[in-house]
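Heads up, the thing below is written out as structure tokens.
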Amino acid sequence: MLKKQPSNNDTRTADEHITIGNEAFDQYDFDAAISHYNEAIALEPTNTIAYYNRGLAKNNIGQHTEAIADFDEAIRLEPENAPAYNDRGNAKCRLENYRHGIEDYDEAIRINPNDPTTYINRGCAKSSIAQYLAAIADFNTAIQLDPENKNAYYNRGLSKYYLELYREAIQDYDVAIFLDPNDGITYNNRGLAKYKLGRARAAIPDFDQAIRFNPDDTLAYLNRGLAKNATGHTTAATRDFEEALQLAETSGDTSLVEKIKQLL
């Protein structure tokens, strides 16, 4: 989120609304934040920061199309605004418009080639359209810029997993877990990579950890059940499948419900 810098012009009231909006944003009260950014824009229609921050708030409540319009205006007012391009790319990707999102990330990187987050975002967009090698190249750059960026390692591992480079994926997940040992999703994905290598017994502790951190993770129970089944622990596997089925029914994931029922 951008901060309004002091100005010699008398924009005090607009500044106040931006400040209050930012405080509401930090408290996750995005509707209140948007209301204050609206007031700032009404008072100062060329305020780039108000448009940009309002776009961020709208993105956070799922108003991605409306957020794009705000980022459009921020870019019109400030054409070299790298954060606006980056976050417009995020909004487009949330609408599954990955190719146009990538174009925005390209612009953000042109303006500021030293922001690892933008490379990660572009890599994730490329991975979403199965451009895994190009995605890995972006994650590599992000790691060069920030060698302790857990998200870069995690997402690079995911792209390698999709390429069936399971051993390399595990290496990246190892680093991601070292950097953030409390992320259940990474344990789940590392367990999956081990399972794919035929290392079902070694995968089970990873699924245990995934469940410890995310007790409602349907896929972690399902995956642990598969691993237990592969090691001959069929009774324990059935318990995990039953737990996964209950979670899937509660969430309303009908396709997953049917998949799990076939295992029981």
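Laboratory data are not the source of any read-out in this text; all were calculated from the coordinates shown. None of these values were measured; they are calculated from a predicted model. Cβ sites come from the backbone with ideal geometry, for glycine too, and all protein chains shown count toward neighbours.
Among ALA210, ALA248, which is the only one that is under 21 Å from the mean Cα position of the chain (by Cα), assigned to a helix (DSSP H, G or I) and of a type in the set (Gly, Ala, Ser)?
Step by step, each of ALA210, ALA248 is checked, and only ALA210 is under 21 Å from the mean Cα position of the chain (by Cα), assigned to a helix (DSSP H, G or I) and of a type in the set (Gly, Ala, Ser).
Take the range 135-174 and flag every residue that is surrounded by fewer than 21 Cβ atoms within 10 Å (Cβ to Cβ) and among the hydrophobic types (A, V, I, L, M, F, W, C).
Within the range 135-174, ALA137, ILE143, LEU145, LEU163, LEU165 qualify.
Which condition number in (1) of a type in the set (A, V, I, L, M, F, W, C); (2) surrounded by fewer than 16 Cβ atoms within 10 Å (Cβ to Cβ); (3) in contact with a Gly (Cβ under 7 Å, 6 or more places away or on another chain) is the one that PHE178 fails?
Answer for PHE178: the failing condition is (3).
Looking at the range 135-179, which of its residues are farther than 26 Å from ARG110 by Cα, touching a helix residue (DSSP H, G or I) at 6+ places or on another chain (Cβ under 6 Å) and not small (Gly, Ala, Ser)?
Matches in the range 135-179: LYS160, TYR161, TYR162, LEU163, TYR166, GLU168, ILE170, ASP172, TYR173, VAL175, ILE177, LEU179.
Out of the range 14-31, which residues are surrounded by fewer than 16 Cβ atoms within 10 Å (Cβ to Cβ), over 16 Å from ALA67 (Cβ atoms) and either touching a Leu at 6+ places or on another chain (Cβ under 7 Å) or not hydroxyl-bearing (Ser, Thr, Tyr) (or both)?
GLU16, GLU23, ASP26, GLN27, ASP29
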